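The block underneath contains the structure these notes are about, expressed in structure tokens.
Nothing in this text is a laboratory measurement; each read-out follows from the coordinates by a stated rule. None of these values were measured; they are calculated from a predicted model. Every residue, glycine among them, receives a Cβ derived from its backbone with ideal geometry; neighbour counts consider all protein chains shown.
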Amino acid sequence: MALSREIMGISLTDRSSLPGCGFGRKNPFPTTTPVGSRRKKVVRIAVAAVSEDLVKSASVSASSSAAFVVPGSSDGSKFKVRVVVTVRQKKKEDLKERIAKQVDAMADMIGRNVVLQLVSTEIDPKTKGPKKSNEAVLRDWSKKTKLKAERVHYTTEFTVGADFGIPGAITVVNKHQNEFFLETMMVEGFASGPVHFPCNSWVQASKDHPGKRIFFSNKPYLPSETPAGLKAMREEELRNQRGDGKGVRKLSDRIYDFDVYNDLGNPDRGIDFVRPTLGGPEIPYPRRCRTGRAPMDTDINAESRVEKPLPIYVPRDEQFEEIKQDTFSFGRLKAVLHNLLPFMKASISNNHDIKAFSDIDALYKEGLLLKLELKDELLQKLPFPNLARESSQGLLTYDTPMIVSKDKFAWLRDDEFARQAIAGVNPVCIERLTVFPPESKLDPEIYGDVSSALKEEQIIGHLHGMTVQQAIDENKLFIVDHHDTYLPFLDRINALDGRKSYATRTIYFLTPHGTLKPIAIELSLPPQGPSSRSKRVVTPAIDATTNWMWQLAKAHVHANDAGVHQLVNHWLRTHACLEPFILAAHRQLSTMHPLYKLLDPHMRYTLEINVLARQNLINADGVIEACFTPDRYCMEISAAAYKNFWRFDKEDLHSDLIRRGMAVPDPTQPHGLKLVLEDYPYAMDGLLVWSAIENWVRTYVGYYYPSSIVVSNDRELQAWYGESVNVGHADLRHAEWWPQLATPEDLVSILTRLIWLASAQHAALNFGQYPYAGFVPNRPPLMRRLIPHEGDPDHDNFVADPQKYYLCALPSLLQATKFMAVVDNLSTHSPDEEYLGERQQSSTWTADGDMVEAFFEFSAEVRRVEKEIERRNTDPKLRNRCGAGVIPYELLAPSSEPGVTCRGVPNSVSI
């Protein structure tokens with residue numbers, strides 16, 4: 001904040017309290033007209049965001065604008081400029097790296113250095129190429145080798161002519177053995193002031209990657225505005241990142257390319273590990289990052305697997321930084337899945353059922369191993385003895401999930417069951433019911449009778465005196481419908497060992513208090529004949545037996561919802577479908593492009609987390625198959641949703657709410673929508689966040705694209721969007737619903753949608769997983785038993801001991817703990833998380849000062865949104881987020897501390 005005060009003359013905190021610090025059209029908070037609505041040619045002098053000691057030197061340089069004249073050139077024809085280079089050091093180095101570091105220190109003294117060259121924006125009339133400085137080496141590399149600081153600053157000097165012009169690029173050659181992380185560079189000595197180069201990239205050794213690395217200054221240019229001296233370098237850098245589509249990628253590469261999902265199975269292990277390729281005419285799916293690995297021995301169309309702990313290729317700059325890697329690696333995911341569970345599977349039965357609710361409670365008090373009665377001496381055989389010793393009283397105790405932290409029995413109540421449909425971890429499935437009974441879109445010639453078994457007499461007693469049609473007309477009935485998602489797969493799922501499922505529909509009624517209550521659950525199985533009992537409707541309990549049937553029915557609904565949440569809404573819609581846009585951005589948008597600078601923080605870590613998912617989560621016999629009802633058919637369900645449901649034009653919040661009937665257009669409302677269900681926390685808060693993002697994007701786009709002609713003529717922009725659609729989403733490229741990109745408003749809509757999906761939508765679907773699903777009975781990820789009919793072999797057992805039957809229908813203790821470990825890890829914020837309204841080098845990410853100012857205004861708007869969310873969570877009239885034991889809705893509150901917090905909106909899909 002000291003930097004922003006020095007740059008702008010006022011701190012961000014101070015500015016947020018002044019009039020004019022917000023921007024937007026339909027905004028619930030009083031604001032003024034946005035800045036930067038017209039692009040201006042403004043020269044800004046910024047201060048380096050590298051370190052306090054460099055701020056002083058930059059300030060002196062900027063104020064004096066003095067350059068050191070080279071001796072012998074008294075006419076000032078040549079002068080020297082200084083470059084300050086900031087390198088971020090690795091916190092941990094293996095033996096090979098430490099040895100190479102010492103070798104580099106010695107080699108540096110004999111001329112194997114890091115070599116820089118300054119490149120002008122202007123053309124040299126003699127060479128017809130860009131004007132260039134002399135080459136210079138970084139000073140004192142060997143002397144600073146032993147420094148333990150996180151960042152080390154190096155300097156060098158260039159000699160340039162008086163007619164050199166403005167520096168636009170710096171080339172870097174690393175003649176050392178080790179790679180290094182180049183964070184920033186700053187050039188001092190030009191009359192125009194310091195020139196900043198945000199780099200944030202790994203520079204590889206030239207022995208591995210010959211050629212010069214190119215880093216451009218923070219001045220953004222549309223392709224048509226690229227200075228003559230930088231045009232060829234701009235094209236060269238993009239060509240390097242596209243690669244040639246051939247060969248196996250090395251871990252040090254920075255090449256972005258597309259491929260299908262042909263690496264999820266492992267046919268070399270046997271038929272049980274065969275999985276279909278996702279992507280192509282048979283099974284449409286988005287594309288993922290290409291690795292180029294060799295095919296399997298038994299299937300040339302399947303790419304060979306790389307198993308943990310070996311890494312899968314992802315472009316070097318997309319890999320987790322160390323603090324993120326530590327958070328991910330040392331979480332319970334690694335401890336439980338990679339070390340503990342294989343040992344326990346050999347020590348106890350796989351059928352270790354939950355015998356009582358106290359078994360689950362013990363996981364938060366005693367720990368897993370003590371609960372399973374494993375001896376202390378066995379703990380010492382685990383591959384992490386320190387952890388074992390510390391946990392001899394119960395290894396791996398889990399934090400108590402929020403759902404049972406204040407009200408241990410909240411999860412049993414119908415009102416809480418319904419509340420989670422609009423304020424839980426999957427609030428994007430609920431729809432307004434418009435037709436009764438509900439209708440299926442499945443083909444009855446393929447799937448048999450798909451009509452609903454719901455009848456008016458089954459629910460009319462819960463409608464407060466209304467008929468069903470009256471309740472529909474007055475927007476009182478809602479539905480969560482997973483029927484069509486599951487029915488095509490049920491025969492195969494229910495044939496699996498330990499998996500049982502229905503195709504579910506759940507009907508909710510809106511009470512006069514603004515809360516929902518479930519009034520019927522339809523459970524369907526594929527029809528087996530004219531007399532088969534393939535459909536049943538369960539309604540709220542009237543006695544002890546129906547109470548347990550109702551609880552089992554709700555558990556099946558939650559299991560279905562957990563699968564749709566994870567496979568469709570979370571993985572498909574925010575992870576997989578964004579990856580093509582990210583790959584295309586790196587391939588088609590120069591780092592000089594204004595839109596690359598806008599999107600950059602929203603692409604962080606996404607490719608890496610998707611790679612890790614392919615390796616360990618969504619692969620054959622991976623975590624998702626092990627933990628969710630569809631098992632080996634999980635990704636086929638995801639692919640079916642992509643083919644039949646996903647539409648990019650409906651992925652914005654407004655369109656999604658309207659599609660589900662949860663809102664209607666209303667220009668008199670602050671966000672142009674009227675919510676049908678007024679106390680809908682996800683939608684209420686989402687509209688605030690969406691508006692803040694949209695206003696920021698509109699300001700930014702308006703600054704660079706004053707007309708449709710500029711949009712149409714931007715070849716990099718059009719190439720990015722075209723490749724995202726035609727290559728990244730090739731299987732759906734002919735769909736008529738793809739938005740056009742012809743006007744600035746088209747661009748605002750597309751960019752806002754992408755930023756929303758990467759930040760707020762992903763946060764709403766991800767960071768509540770452990771708080772809600774960490775207590776498995778509240779949200780079981782799979783079910784192992786159906787609900788018995790009278791006369792079924794299991795019916796007598798159910799009546800004799802319904803609690804035992806219920807617990808045996810839930811995941812086993814091992815399945816539960818594995819799932820808990822996964823969602824605990826996925827719900828955790830890393831200490832290096834960047835949240836909405838934040839970004840690296842916040843004052844120097846762009847040289848356009850108006851956009852720096854606009855970003856600070858966006859940050860202030862995000863903070864106001866957060867305060868409004870806090871206010872709503874204390875409003876007793878909003879019963880779906882405030883009340884005795886009710887979890888406040890904070891999943892769209894932008895900021896968070898590290899850890900599992902059930903709040904926070906990171907900029908990107910980073911976990």
The stretch 99-151 and the stretch 290-304: distance between their alpha carbon centers, rounded to Å:
40
Convert each backbone phi in the stretch 716-727 into a coupling constant with the Karplus relation 6.51 cos²θ - 1.76 cosθ + 1.60 (shift: θ = phi - 60°), then list the ³J(HN,Hα) values in order as whole Hz, x for Gly and Pro.
5, 4, 5, 5, 4, 5, x, 6, 4, 7, 7, 10
Considering every Cα-Cα pair within the stretch 143-228, what fraction, in whole percent, is farther apart than 18 Å?
54
Segments 161-168, 693-700 sorted - mean Cβ within 10 Å per residue, highest first:
693-700, 161-168
Along the principal axes of its C-alpha atoms, what lengths does the stretch 689-823 span, in descending order and rounded to whole Å?
75, 32, 24
Mean Cβ-within-10 Å packing, highest first, puts peptides 559-568, 286-295 in the order 559-568, 286-295
Cα-centre dipole for the chain with unit charges at Cβ (Lys and Arg positive, Asp and Glu negative), debye to 20:
2320
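Can you check what the Kirkwood hydrodynamic radius comes to for the chain, Cα pairs only, in Å to one decimal? Could you put the intermediate results ahead of the total?
On the way: mean 1/r = 0.0336 Å⁻¹.
Evaluated on the chain, it is 29.8 Å.
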Residue 365: which lysines have alpha carbons under 29 Å from its alpha carbon, excluding same-chain residues fewer than 8 sequence positions away?
324, 334, 345, 355, 375, 381, 406, 408, 554, 804, 818
Fewest-first ranking of 186, 592, 106, using other Cβ atoms within 10 Å as the exposure measure
106, 592, 186
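Go through 221-231, 119-129 and give me the packing order, highest mean Cβ count within 10 Å leading. Write out the running numbers ahead of the final one.
Values: 221-231: 17.8, 119-129: 14.9.
With the highest mean Cβ count within 10 Å placed first, the list reads 221-231, 119-129.
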If amide hydrogens are placed 1.01 Å from N in the peptide plane, which non-local residues have theirs closer than 5 Å to the one on residue 783?
500, 629
Here the alpha-carbon Rg of the stretch 517-622 over 2.2 N^0.38 Å rounds to 1.72
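Where does each of 296, 466 land when they are ranked from fewest to most other beta-carbon atoms within 10 angstrom? Don't jump to the answer; show the numbers that get you there.
Numbers: 296 20, 466 16.
In order of increasing Cβ crowding within 10 Å: 466, 296.
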Nonlocal amide H pairs with residue 257, under 5 Å, H built at 1.01 Å
290
Give the Rg/Rh ratio for the stretch 70-221, taking Rg as the radius of gyration of the Cα atoms and Rh as the Kirkwood radius, to two decimals.
0.99
Under 5 Å between amide hydrogens, which residues at least 5 positions from residue 520 or on another chain qualify, with H placed 1.01 Å from N in the peptide plane?
507
Karplus-derived 3J(HN,Hα) from phi for the stretch 308-322 (6.51 cos²θ - 1.76 cosθ + 1.60, θ = phi - 60°), whole Hz, x at Gly and Pro, runs 4, x, 5, x, 8, 4, 9, x, 3, 6, 8, 6, 4, 6, 4
Residue by residue through the stretch 468-477, what is 3J(HN,Hα) from phi via Karplus (6.51 cos²θ - 1.76 cosθ + 1.60, θ = phi - 60°)? Round to whole Hz and write x for glycine and proline.
4, 5, 4, 5, 5, 4, 9, 6, 9, 10
Name the residue from 634, 669, 644 whose Cα lies farthest towards the positive end of the charge dipole of the stretch 625-675, charges +1 on Cβ of Lys and Arg and -1 on Cβ of Asp and Glu.
669
